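Only one structure is covered here, and it is reproduced in the block below.
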Amino acid sequence: MLPIALLLAPAVADATLAFVRKPLRPHIWVADDNGKRAHRFAAGANPRVSPDGRWIAYSPSGSPRFGTELVVASTDGSGPAKRLLGRWLEPDVFAWSPDSTMIAALSGERGARRLVLIDVACETGEVLCFRIGQRVVAKGYFSGASFSPDGGRLVYARARSESFPPRGDIFRTGTGVGNPSHRLTRDHRSASPVWGPHGKIVFVKQLGAKKRRSGPKNELYLMNASGGKVRRLTHTRVSPLAQGLTPTAWSPAGNRLLAQFGGQDLTYAVSVNPRNGRQRPLVEATEQGFVGAGFSADGRRVLGTTGGFFLGSDNDVATVRYPHGSPRMLARHAFEPTWGG
């Protein structure tokens, strides 16, 4: 018998782009992946389109005071949204499984968060989506979560406290019920893992905490799924007020890597060669530069936002040819782009 999520899966959908407009009164818009046929979808923010392009998870307007609801709805607007979490925290720590049947997210109110795995079954028609299971993977303070390409495992970074610098390590767990977590690093300075093809995991090591007055700098490292064959990938100049690189996404083929360079009032996307660590700004390196969100299906272009993290009329959703190019605008006065399909 087929799993329920596969029995309920709808027909293949076209590639879908979602983004947000009006930061003070945010509304999510949905369009084709080239920005055409854009239309307003729902009042809310933090959209996350599933890899198959059929579903969009987001936080609707009017959520609870000490958290944000997580709901899921069909990108074609057929049927109502279904609530998955009542207290969705830190939307940056979020992942769809590659087959679009599972979500990893943070939940809680105050203090330590809970990293949860949510099994989601969806169909078109009257019953849109419903939660068929939720389990807590770990509790603590998290800086990243990423599924393996086959969806059978999850890697995440966790610290026990909110101390600075954070004392985090990276763990791996299976996505089935009752799977234990295995610790992959033990240096208490590892964060932000992103699982890529061919068994490679890129992650951050925070270096120089005792020498740098404003805190450690981030450098990218690689390891395999068992935590072995660790090697340093990047050697980056990081000014005293900057933090350095954080990995964003692997290309589907695993031969290209996207990262974000950040610091105080500073951010811009960076292309990184995963073989030798060579890097260059994806677009001109300005204080509030291009914020990368992910790769196109063929790995040739990067989706993102112009104008940095300070949201306003200067932000546009655009794509840039990898490893360096000029933004091609898809949606004006828009931010938080995401696509799938």
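Observations on the model:
- Scanning the range 323-341 for residues being over 19 Å from the mean Cα position of the chain (by Cα) and either farther than 22 Å from S50 by Cα or not small (G, A, S) (or both) gives a total of 10.
- Among residues of the range 15-38 being within 21 Å of S61 (Cβ to Cβ) and small (G, A, S), the one that is farthest from the chain's Cα centre (by Cα) is A38.
- Subset of the range 92-113 [closer than 15 Å to A157 by Cα and either modelled with pLDDT under 95 or of a type in the set (D, E, K, R) (or both)]: D92, A112, R113
- Lone qualifier among G178, G196, G174 - being over 24 Å from G215 (Cβ atoms) and crowded, with 20+ Cβ neighbours inside 10 Å: G196
- Yes/no for L258 being touching a residue at least 60 places away in the same chain (Cβ under 8 Å), buried (at least 16 other Cβ atoms within 10 Å of the Cβ), part of a loop (DSSP other than H, G, I, E, B) and of a type in the set (A, V, I, L, M, F, W, C): no
- Among residues of the range 231-255 being under 22 Å from T185 (Cβ atoms) and of a type in the set (D, E, K, R), the one that is surrounded by the fewest Cβ atoms within 10 Å (Cβ to Cβ) is R231.
- Which listed residue is among the hydroxyl-bearing types (S, T, Y), touching a residue at least 12 places away in the same chain (Cβ under 8 Å) and surrounded by fewer than 22 Cβ atoms within 10 Å (Cβ to Cβ), from S190, S163, S214: S214
- Number of the exception - S251 against (1) closer than 30 Å to Q134 by Cβ; (2) touching a residue at least 60 places away in the same chain (Cβ under 8 Å): (1)
The values are calculated or read from the model by the stated rules, or taken from the named source; none is laboratory data. Owing to the predicted nature of the structure, the values given are computational and were not obtained by experimental measurement. Positions of Cβ are generated from backbone atoms using ideal geometry, with glycine treated the same way; all protein chains shown enter the neighbour counts.
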